[in-house]
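I have placed the structure first, in the form of C-alpha cells, so that the comments after it can refer back to it.
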There are 2 protein chains.
Amino acid sequence: MDIVQSNKSFNGNHQVCSHYSESTQCDMTFSVFVPEHKSSEKLKTLVWLSGLTCSEENFRVKSGVQRIASELKMIIVSPDTSPRGEGVPDNENYALGQGAGFYLDATESPWDKHFNMYTYITKDLIETMGNNFPIDRGKTGIFGHSMGGHGALTIAIKNPELFKSVSAFAPICSPTKVGWGENAFAIYLGDQQLKWLEYDATELILNRGWYSDILIDQGLDDEYLEQYLKPGLLQEACKQKNVPIQLRQHEGYDHSYFFIASFIEDHLRWHDKRL
Amino acid sequence: MDIVQSNKSFNGNHQVCSHYSESTQCDMTFSVFVPEHKSSEKLKTLVWLSGLTCSEENFRVKSGVQRIASELKMIIVSPDTSPRGEGVPDNENYALGQGAGFYLDATESPWDKHFNMYTYITKDLIETMGNNFPIDRGKTGIFGHSMGGHGALTIAIKNPELFKSVSAFAPICSPTKVGWGENAFAIYLGDQQLKWLEYDATELILNRGWYSDILIDQGLDDEYLEQYLKPGLLQEACKQKNVPIQLRQHEGYDHSYFFIASFIEDHLRWHDKRL
C-alpha cells in the first residue's frame, strides 16, 4: 500500500492510499482519516461508500467529517466507487462503468474481470485497512450516499460479522425496481433476475432481516427521490420484518453534499453509540 | 442579480449569484450563505476572499463554514478571485490573469479594463449585497486565504468604515517583496513601485496602522510559507505600530482547505465577538 497524499486536518491526517486489489485486478484508491491517537489504541472505524460519478475524493473534501471523527476518535475510510484505469471497461452512461461499480460482483463479460466491488469492500479493503491502520475490527460500521447507501445497506445485511452498524443518506433502496439499477444489473449480472435480488436492500431485509436498527436521512427536495430512491419500500420491508428503521425526511434538502454535510455529525454520533 | 444555484445547508441556503459589475465590466459570480433568520433581521456579515486559482466555489464546498455561520447567524459572502469570461485577458501563469486578480485596481493595459477587484469588492459587491440580502453594514468583517488573505488585510486597512474586523489564513503578507506579487504588480500596476505599496499589508500597517486587532493562522508545513507568505514581516510591522496581532502557527498543517476547515470555527467566533 502506498500513501499518495496526506493532509493534516483537525489534529489527525486525511490520507489518500493506493493498493493492488486481487478482486478488481487493478490498483485501487481509497482515502482514510486517522484521528490523533495513542500508538497502542485500536479505533472505531466507519466505511463510507460514495455515490455515482464520485471517487474517493468527494467525501474527503466536501463532507466535513473530520471534525467529528476527530472528536469521537473514529477512523473513516472512503474507497473509490469502481475500478479505474487503462484496460478497465467504461461506458458513456454516468450510471455504468467507471464511477458506477454498484458494490456488486459482476458476472457478465467484459465487466466480470474488474467490477467486483462487493468482494473488494468486504475482503481486500478491510484486510488492507487491518494491516495498515489501527482499526478495531469488532467496532466497524458502514454508511454511504445514494448508490453508496445501497452499497452500505446490502453489504451490512449480508455481512453482520464485519459491520455492526449501518446508516445511509438518500440510498437507492430497491435498485431492482428503478432505472439506474435495472440498467446496471442487467449489464453487470445478466438477465437472471434472481441474482439481482442479492444486491437489493429491500429484498435482503425481507429475506434476511437485520439484527440492529437502521438510520436513513432523506432530503425532500432531492431530485432523484421519486424516480430512483424509494425509501418507502425499504421502510415497509423493515416494518414487515420488525427491523427498527428511522427514516428522517428533511424539507428543502437536495441530493448534494450540502445535505450530507448538514447531517454527517448525527450519523457519526449514531454509529459511535452502537459500536 | 440572478441566483444561479441554491442548496439548503444547515437550515440556511448557500446560493451562487451572478451580477454585472461596472468596475470589472463583466458579469461577476459570488456565493452567499444566508442562515435561517427572521424577515426583519439584519445579520452580521463576513466577506471571504479566496486564493490563487480559486473561484467562488472552493470556499463554499470545502471550508465547512455553514455549520458555524448557521449557529452564529452570520451571512458569508465569497466572491470570485477575478473577472472572467470571453474578452477578459488571461495568462498561462496561474498567478496572473483569471483566478489571480490580487484584489487591486490595474492601471496597465490590457488589464485595466476588467481587473479592478479592489473597487469591485469595496463598492459593487458590498452594494449588491446590501440591495439583495439582510446584511448589517455596520457589522461586516473580512477574511481570506493566501492571495485572499492579502486582499482581506489590505482592503480592511484602507476601509475601516466598511470592515470592522479582519483575519486571515496563510496570507501573502508583503506581496511587493515576493515573487507572486512582484510579477503580478509589475504587470497590473507598471513599474512605479510606489503604487505597489498601496497593496501591501505590511507597508499599509507601517503607514496607516489598524484600529483593532488581527488574527492570522499559519500552517508550519505550508509549502509556500518561506518563499511567498512572510508572516514575520507583518508581525514586525504590527509590533512597531502597536497593532495587536495574534499569529498562530500550527505544526503539520499545509496550505490546503484541510487547514482552513480545521480552524474556520475559531475565525467565525473571533469575528462574531468583534462585530
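General observations
- Failed item, numbered, when B:Ser167 is tested on (1) touching a strand residue (DSSP E or B) at 6+ places or on another chain (Cβ under 8 Å); (2) in a loop (DSSP other than H, G, I, E, B): (2)
- Flag for A:Ala184 being out of contact with any Ser or Thr (no Cβ under 7 Å at 6 or more places or on another chain) and buried (at least 21 other Cβ atoms within 10 Å of the Cβ): yes
- Qualifying residues in segment A:219-229 (those that are within 14 Å of another protein chain (Cβ to nearest Cβ) and loosely packed, with under 13 Cβ neighbours inside 10 Å) - the one nearest to A:Gly179 (Cα to Cα): A:Glu223
- None of A:Gly138, A:Gly190, A:Gly179, A:Gly99 is small (Gly, Ala, Ser) and within 24 Å of A:Thr29 (Cβ to Cβ) except A:Gly99.
- Total residues in segment A:6-42 satisfying the condition of being part of a strand (DSSP E or B) and over 17 Å from A:Met129 (Cβ atoms): the figure is 4.
- Qualifying residues in segment A:61-83 (those that are surrounded by fewer than 24 Cβ atoms within 10 Å (Cβ to Cβ), away from chain B (no Cβ under 11 Å) and assigned to a helix (DSSP H, G or I)) - the one nearest to the chain's Cα centre (by Cα): A:Leu72
- Scanning segment A:11-24 for residues that are out of contact with any strand residue (DSSP E or B) (no Cβ under 8 Å at 6 or more places or on another chain) and more than 14 Å from chain B (Cβ to nearest Cβ) gives a single hit, A:Glu22.
- Among the candidates B:Val32, B:Val61, the residue that is in contact (Cβ under 8 Å) with a residue 60 or more places away in the chain and in contact with a helix residue (DSSP H, G or I) (Cβ under 8 Å, 6 or more places away or on another chain) is uniquely B:Val32.
- Considering residues of segment B:230-275 that are of a type in the set (A, V, I, L, M) and within 14 Å of chain A (Cβ to nearest Cβ) only, the residue farthest from the chain's Cα centre (by Cα): B:Ala261
- Against the conditions (1) over 21 Å from A:Ala261 (Cα atoms); (2) surrounded by 19 or more Cβ atoms within 10 Å (Cβ to Cβ), B:Glu92 satisfies every one except (2).
- For segment A:32-55, a residue qualifies if it is buried (at least 19 other Cβ atoms within 10 Å of the Cβ), closer than 19 Å to A:Lys139 by Cα and within 14 Å of chain B (Cβ to nearest Cβ), and the qualifying residues are A:Val32, A:Phe33, A:Val34, A:Pro35.
- Where helices (runs of 4 or more DSSP H) fall wholly inside segment B:192-275, the ranges with 1 or more residues that are closer than 30 Å to A:His14 by Cβ are B:231-240, B:257-274.
A quick yes/no check of all residues on (1) free of Cβ contacts under 8 Å to residues at least 24 places away in the same chain; (2) of a type outside the set (Asp, Glu):
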residue	(1), (2)
A:Asp2	yes, no
A:Leu52	no, yes
A:Glu56	no, no
A:Ile68	no, yes
A:Thr81	no, yes
A:Gly87	no, yes
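- Among the candidates B:Asn7, B:Asn58, residue that is within 11 Å of chain A (Cβ to nearest Cβ) and touching a His at 6+ places or on another chain (Cβ under 7 Å): B:Asn7
- Test result for B:Ile142, crowded, with 19+ Cβ neighbours inside 10 Å, within 14 Å of the chain's Cα centre (by Cα) and in contact (Cβ under 8 Å) with a residue 40 or more places away in the chain: yes
- Filter result for B:Tyr188 (in a helix (DSSP H, G or I), among the hydroxyl-bearing types (Ser, Thr, Tyr), out of contact with any strand residue (DSSP E or B) (no Cβ under 9 Å at 6 or more places or on another chain) and more than 14 Å from every other protein chain (Cβ to nearest Cβ)): no
- Put simply, of A:His255, A:His267 the only residue that is in contact with a strand residue (DSSP E or B) (Cβ under 6 Å, 6 or more places away or on another chain) and surrounded by 19 or more Cβ atoms within 10 Å (Cβ to Cβ) is A:His267.
- For segment B:104-129, a residue qualifies if it is part of a helix (DSSP H, G or I) and surrounded by 15 or more Cβ atoms within 10 Å (Cβ to Cβ), and the qualifying residues are B:Met117, B:Tyr118, B:Thr119, B:Tyr120, B:Ile121, B:Thr122, B:Lys123, B:Asp124, B:Leu125, B:Ile126, B:Thr128, B:Met129.
- Hits in segment B:141-167 (condition: out of contact with any helix residue (DSSP H, G or I) (no Cβ under 8 Å at 6 or more places or on another chain) and over 19 Å from B:Gly101 (Cα atoms)): B:Pro160, B:Glu161
Read-outs: derived from the displayed coordinates by stated rules, not from any lab. Worth saying up front: this structure is predicted, and the values here are computed from it rather than measured. No Cβ is skipped: glycine too gets one built from the backbone with ideal geometry, and neighbour counts run over all protein chains shown.
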